[in-house]
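To keep things clear, I will list the structure first and then write my remarks on it.
Every read-out reported here was derived from the displayed coordinates using simple, explicitly stated rules and does not represent laboratory data. Since the model is a prediction, treat every value here as computed from it, not as a measurement. Glycine also receives a Cβ, built like all others from the backbone with ideal geometry; neighbour counts cover every protein chain displayed.
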Amino acid sequence: MFSFFKKKESSNSPSTQSQSTSNNKDGATLSSSGEGKIKTKLSKNDLTKSESSNSSLANSPRSDRNELNIRDIPYDLLGKILAIIHGNRILTKEFMATSLVCKKWRALARLNGNHINLESFFKKVEATKMKVETIETCVNYFTYVYQSLEVVDIGKLCINNRIHSKYSISLMESIDKITRMSLDLSKVTISEYEVIVSSLKSFKAIKDFTVLNMSSQYTPATISLLESLPELETLTFTEINLENNPEDHETFVQFVKKNTTITKLTITLQPDNSIRFLNSVKIILQNNRALKSLSVTQTIRRPSLPSSPSSSHVHLLSISPTSSSSLANNANYNGGSSTSNNNGSVLTSSYSLSKFSYPFDTLKELNLSNMSLNDSDIIELAENVISVNSSLVSLDISYNRKISSSALDTLFRTMIKNDEMKLESMNVSGLAINDGVISLIGDYIGKTDTMSRLFISDCEPYWSDGFKNFSNKLSNHPGMTTLHLNRNHIETKCFDDLANSISNNNSKLRFLELSGTLNNAQSLHLICSSLGSNSNLVSLDISNCVVSYCPSLTDSLIKNRHLTKLNVNNCKLNQTTLLGFANSHLEVLDIGSNSFNAVDALEEFFDCLKGNNTIYSLNLSNTGIKSKECQALSSLLESNPKILQVDLSHNKIKSSDIQCIVKSIQSKNLPNTFKFNIKLKDTKIDLNKISNDLSNNQILID
């Protein structure tokens, strides 16, 4: 990976290196002096749009066939396209593979490579036992070639090792301006962390800061660092845990409370950390008027996917209540008290929490998912925030299992009365939404034309007439584009109203998820029949529903030229339905976790797909594919140039099967800009056995 670096003499310090010069193949000159200054012949002015008569693209020779057509694309547009592919993160496989396609892309890599993961670099350093002088050469090369670097990721390898720390700081100091930084504190030595913090305080231009795995011991140094950043606007904490030290928690809250520059605060807590932080959210809302986006959530324990296609439904596990010991440890915080029985176990725990109060009107996003909110919290939120707010556009209170239907009734009635609030996105999944509440949600979306994304999944209560009202209001909503209704319990007759909403082209719905919700053949038929006349829906998820034989689905797919993505994972598909998919206009098809009774079902399906010219992504994970099916798949991939992604995870396949598939892909003679992706998770394939077949960097295996 680093074979292109030339070894050069160096001193012990990266800042006192001898002057050196080396030429690269693009003709630019690297020159580093004692002050660490680097000069290059390449500048941003050298690269302009292709419309310019002086453009390097417009005047470039056509001899390199890799650059035909590329020469006609403006640099700014091409740069945006490449950024989508690799995120401008240098040294990644995607970045290196893309930048090596042609000279034009290498030039863009120099200009647009703005993100370096130093943790990943030092992982490579340790794996290859890189010498100090080589590390120094690499660091100098990065700052020379990638002159737009402004985003840096660091972690334990950058901090705990003094040599790595020295070169990390050296590289960051040589960057003109760091605007974004990610800091992973997992297994970081506190003494070494305090040392590097003193250096990080000098980077005053940081606007976006992310801290991962912060616990109490790192709080003082971290807050001290954050207080030194005058332009900080976006602050993210992932997997934070401050429950064991009230003083550090209070230090953190006071910092956020008084800060006037942060406009977006995102906090993801480790499980069972929500009690103290819930009170902190209320304090922050009462005192900080600068925030426009506040997200404080707790990690949700989700079930693992089924290892076989035998299970017909996948449900979220219930959120486990806070343990008695955790409640006891926190009972005295902020005026709390607890009551115990004779055995000493905690029965109840109460807290003197401040009420939700938001005297300002600038907050646009509020996310309190899985934060153990109760009825009192929701009523306070409704009365003190929702009733008077006109700035919120996104609200997420999902997976707060303690909230009753009556409290939700109060919340949505309050929302209906507030004509000033213009919500665009709402997530109320995992709540006790009964038939009356779903009807109120329908009334709310019926009175607002701004709602575009609505998530109502994993609700236990049964829906009947209330859902009919919801569907009718949805039918003529002018802006709803995304609707998730996964794993809900709905009376069969009510699907007729939802089907009418889908078939009504006044509806703008584009993304619909009904995973685990279509509970019988009639409901499935109603929904699938409505697809034929729909001209807006582009993505449908009906996974974990018993589809089996459903002619209305295959008939509608033939008629519908707009639906491009279908998920029928774990649907007990039969061969007839499977073969019907081959005649559709789909582009992305997920048939994973389906077992087919017919021995040759998949082989016949692959044969039918040879004439399909739209599907490019195919999920075949956990479908029982073996050597015979792999041969048929190889034949398909060789003859169908459209398919570029195949997921073969969780199948009992051999290395020889993958070799056969890889050779078929290689015979396709893909354009150099194309990549073929194969997923092989949990297949026990030894990639070393097929390493020679993977020499083509157009084939990516995950």
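Quick notes
- Projected over every direction and averaged, the convex hull enclosing the alpha-carbon atoms of the range 590-662 yields 4.3 nm².
- The amide H of Leu212, built 1.01 Å from its N in the peptide plane, has Leu183, Asp184, Leu185, Thr238 as neighbours under 5 Å, considering only residues 5 or more places off or on other chains.
- More than 19 Å apart - percent of Cα-Cα pairs taken over the range 372-507: 46 percent
- HN-Hα J in Hz across the range 180-185 - Karplus 6.51, -1.76, 1.60, θ = phi - 60°, x for Gly and Pro: 9, 9, 10, 10, 9, 9
- From least to most packed, judged by other beta carbons within 10 angstrom and beginning with the fewest, Ser182, Ser533 follow the order Ser533, Ser182.
- Whichever aspartates and glutamates have a C-alpha closer than 20 Å to that of Lys131, once near sequence neighbours (fewer than 8 apart) are set aside: Glu9, Glu119
- Here is the tail figure for the range 573-702: Cα pairs spaced more than 26 Å apart come to 14 percent of all pairs.
- Ordered by the number of other Cβ atoms lying within 10 Å of each residue's own Cβ, fewest first, Met96, Met426 fall into the sequence Met96, Met426.
- From least to most packed, judged by other beta carbons within 10 angstrom and beginning with the fewest, Val437, Val538, Val101 follow the order Val538, Val101, Val437.
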